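The values are calculated or read from the model by the stated rules, or taken from the named source; none is laboratory data. Computed from a prediction, not measured in an experiment: that's the story for all the values here. In this analysis, Cβ positions are derived from the backbone assuming ideal geometry, glycine residues included, and neighbour counts consider all displayed protein chains. Calculation scope for accessible area: heavy atoms of the full protein, side chains included, ligands and nucleic acids excluded. Shrake-Rupley method; radii C 1.70, N 1.55, O 1.52, S 1.80 Å.
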Amino acid sequence: MKIYDLSPEISESMAVYKDKSEKRPRITATRTIKKGANESRVEIDSHTGSHVDAPYHMIFNGDTIERIPLEKFMGKAIVLDFTKIKGSITSNNFKKLKIQKSDIILLKTINKSNKKFNPNFTYLEKSGAKYLASKQIKAVGIDSLGIERDQPNHETHKILLKNNILIFEGLDLSKVKECNYLF
């Protein structure tokens, strides 16, 4: 079995959402081998690199991450290649695909794990979120630092999270092909 690591490397020079300095990781050495062992301290915003958005992220009384059953984080996944789409992924992009209840849908786009944030990243538009919610998927992931862009009231997030669909953001899908996987 081949295993793919979908998380980008954590470094002080990695891309962070909207290039906000407060989201940039800080890594400092706290102990050296001369003192017995090399140790470091990592300070990181919870929305940096690959991460999961739990319902609480956008819903007042939504579940926090520790209240979500582990089964929601794993299962049958489908990587969908949307690298030819610039802008938004809509419901029309899903209609001919075989998406089933409890699938984990991973959206591979032209977004890349660069060192600089791209404000024009490809994102999931609210009609696409509504379509995925109607299919009762388990989770959706994307290779950008956000699943939506410039949508009033964070509609994509709220549609998904109100339907208990976890959101994985900041995935590195560059090495995986469109196919079925165990996530």
Legend entry - Helical mean residue ellipticity (222 nm; -39500 (n - 2.57) per DSSP H run of 4+; nearest 500) of the chain: -2500 deg cm²/dmol
Legend entry - Rg/Rh for the chain, where both radii come from Cα atoms and Rh is the Kirkwood radius: 1.00
Legend entry - Candidates per GluC sites (Glu not before Pro) in region 140-183, loop by DSSP, up to 16 other Cβ within 10 Å: 178
Legend entry - In region 1-105, trypsin sites (Lys or Arg not before Pro) in a DSSP loop with at most 16 other beta-carbon atoms within 10 Å: 2, 20, 84, 86, 95, 96, 98, 101
Legend entry - Rg/Rg_ref, region 106-170, where Rg_ref = 2.2 N^0.38 Å and atoms are Cα: 1.07
Inset, instruction - Go through region 14-94 and name the chymotrypsin sites (Phe, Trp or Tyr not before Pro) that are in a DSSP coil and have 12 or fewer other Cβ atoms within 10 Å of their Cβ. - result: 60
Inset, instruction - Express the accessible area of region 52-182 per residue in Å², computed with a 1.4 Å probe while the remaining protein chains stay in the model. - result: 54
Legend entry - Accessible-area composition of region 106-160, carbon plus sulfur, in percent [1.4 Å probe]: 47
Legend entry - Karplus-derived HN-Hα couplings along region 118-132 (A = 6.51, B = -1.76, C = 1.60, θ = phi - 60°), whole Hz, x at Gly and Pro: 9, x, 9, 5, 6, 9, 8, 6, 4, 5, x, 5, 4, 5, 5
Inset, instruction - Pull out the extension gain between residue 174 and residue 40, defined as 0.36 nm times the separation in residues minus the alpha carbon to alpha carbon distance; nm, one decimal. - result: 45.4 nm
Inset, instruction - Using the structure shown, list the pairs from 18/135; 101/126; 95/158; 35/112 with a Cα-Cα distance above 29 Å, or answer none. - result: 18/135; 35/112
Legend entry - All aspartates and glutamates inside 13 Å of residue 20 as judged from Cα atoms, apart from same-chain residues fewer than 8 positions distant: 12, 45
Legend entry - 5 angstrom amide H check on residue 141, placed H, neighbours 5+ away: 105, 106, 107, 168
